[in-house]
Each structure stands twice: as structure tokens, then as C-alpha cells.
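S.K.: Attaching a single structure in C-alpha cells format; questions to follow.
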Amino acid sequence: MQYIADRLYHQNKWILMIFLKSIVQLDTANLQFKLKKICTVKKITFIKRTFCFCFLYLILISSSGYSLELTLEEYSEKPYGNIIFLRHALAPGFDANGEPDKFKIDDCSTQRNLSSIGRKQAAMIGEKFFEKGISFKKIYSSQWCRCLETAQLLKLGEIIPEPSLNSGFKGIYKKEISLSKLKNILIKLKNEKKIFLMVTHYGTISAMTGINVDSGGAVAYNTKTEESKKILFE
């Protein structure tokens, strides 16, 4: 009888251990499932909140009358800031055929230059500024040929070559140094009420204003607030 009792004890003990082990495994799997579910819910909640925030932000901007863009007509009626950054007109191709060592700042044949369409575009931009009665106290330009030619074709005044407006193409000009010098120029212009035009490149405009523009695109910049608005040529 004692033998049978011992056998039953050990057998029940073994069954109990298997049962407890299965419960632990079940709880672990259940816990993992719950954690995954919580993470998924948190992600969905985060996405929803981000979407709602962006939506409300856009509504706020719209209702307040603030816009990140303005037409040239609107600008002429109420100028925004005292700087206009203008990207050079259309100039297809590659500088020095992509070989920096062959690039020369004073040799236009080593640079990509305005196409016939680009020249017409630059002249048209100048006409639009003139028609809207927008004049500039000074016109600065990158030393690169396409920028100087764009500035010349505007026919809006004397052009002042400015190295800080140069492109950082392949490290020929150190972008960080140029931007630092340009920022210092803008600081000096903070109290100027008249408008200054700066003909430059995509990278410079993007770095200074956070706005990307196509060839011939323009951005109005406020030197006091350091805020910008894209100008739309109608």
C-alpha cells in the first residue's frame, strides 16, 4: 500500500509540475501578446495625435491669415522683410562636367550657363519686378556666371559680386564659411528699410530660408525675424 501511495504521489507531483509549467508558458505568451498590443496602440495613438496637430496647425495658419507664400502682387503692395533671394534662371548641365579641378570662377566655359530659355526667364523676371514697381537699394550676386548673367538680364541696377553667395559646388567654396559671412551681412542689414536683391544658388537659399525653389524662384526674407516666404511669379 505504501508503494502505491508513493507512486500516486510522484505521479500527481509530475502532473502538477506539467500543469504549472503550462500556466507559466501561457501567461508569458499572453504577456507578450499584450505588450505587442500596447505598443501597436501607442504607435497608432502617436500617429493620430501627430496628424491632428498638423491639421490644427494648418487651420490656425489659415484662420490667422498667415501664409508661407505670397504673390508678387501681394509683395508689391506690402513687402515682406527687406531681402529677396533669387535663384539664377534655368542653366542645364554640369559645372566643369562634374570635375571640380577644372572649374574656374572667371571662366564661364567651365561652368553651366543660362540656356536661351533661362535668358528669357531672367529678362521676364526683371520686367515683372519693374511692372510691380519693386526696386532695390542694392543688387548682390554670386560670382558664378549664371548668377551674374541673371542679374544683368534683370536690368534693375548695378550688380555687386558677393563671394558669400557663391555655390558650395564640390567643396570649391567652403559652404559653412560662405554662409557664416552671408549671415553677418544680413545682420548688418537688419535696420535697413529698403529692399536688397541677392542672386544666388539653390543650396544657399535653402540653407538660409529653409525653402526650396526652382530656377528663377524667389524667397522674401525678413532679417529681423529670420522668417521667409516664397514669392510666386504669376
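Bear in mind these aren't lab numbers, they're just calculated from the coordinates by the rules spelled out. As the structure is a computational prediction, the values presented were derived from the model and not from experiment. In this analysis, Cβ positions are derived from the backbone assuming ideal geometry, glycine residues included, and neighbour counts consider all displayed protein chains.
S.K.: Exceeding 30 Å between C-alpha atoms, which entries from my cross-link table qualify? They are Lys102/Lys181; Lys102/Lys229; Lys120/Lys190; Lys78/Lys174.
M.R.: Lys102/Lys229; Lys120/Lys190; Lys78/Lys174
S.K.: Would you grab the residues whose amide H sits under 5 Å from the one on Asn166? Only those 5+ places off in sequence or on another chain, please, with H modelled 1.01 Å from N.
M.R.: Gln143
S.K.: Using the count of nearby Cβ atoms within 10 Å as a rough guide to exposure, how do Lys230, Lys188 rank from fewest to most?
M.R.: Lowest count first: Lys188, Lys230.
S.K.: Here's a follow-up. If you count, for each residue, the other Cβ atoms within 10 Å and average over each peptide, how do 192-199, 162-169 line up from highest to lowest?
M.R.: Result, highest mean Cβ count within 10 Å first: 162-169, 192-199.
S.K.: Report ³J(HN,Hα) in whole Hz for each residue of the stretch 68-83, in order, from the Karplus equation J = 6.51 cos²θ - 1.76 cosθ + 1.60 where θ = phi - 60°; Gly and Pro get x.
M.R.: 8, 9, 8, 7, 5, 5, 5, 5, 5, 6, 8, x, 9, x, 10, 10
S.K.: Which order do peptides 173-180, 111-118 fall in by mean Cβ count within 10 Å, highest first?
M.R.: 111-118, 173-180
S.K.: Give the aspartates and glutamates whose C-alpha is closer than 15 Å to that of Lys175, dropping any in the same chain fewer than 8 places away, or say none.
M.R.: Filter leaves Glu162.
S.K.: Provide the FRET efficiency to the nearest 0.05 for the Thr45-Asp214 pair, computing r from the beta carbons and using R0 = 41 Å.
M.R.: Efficiency at R0 = 41 Å is approximately 0.60.
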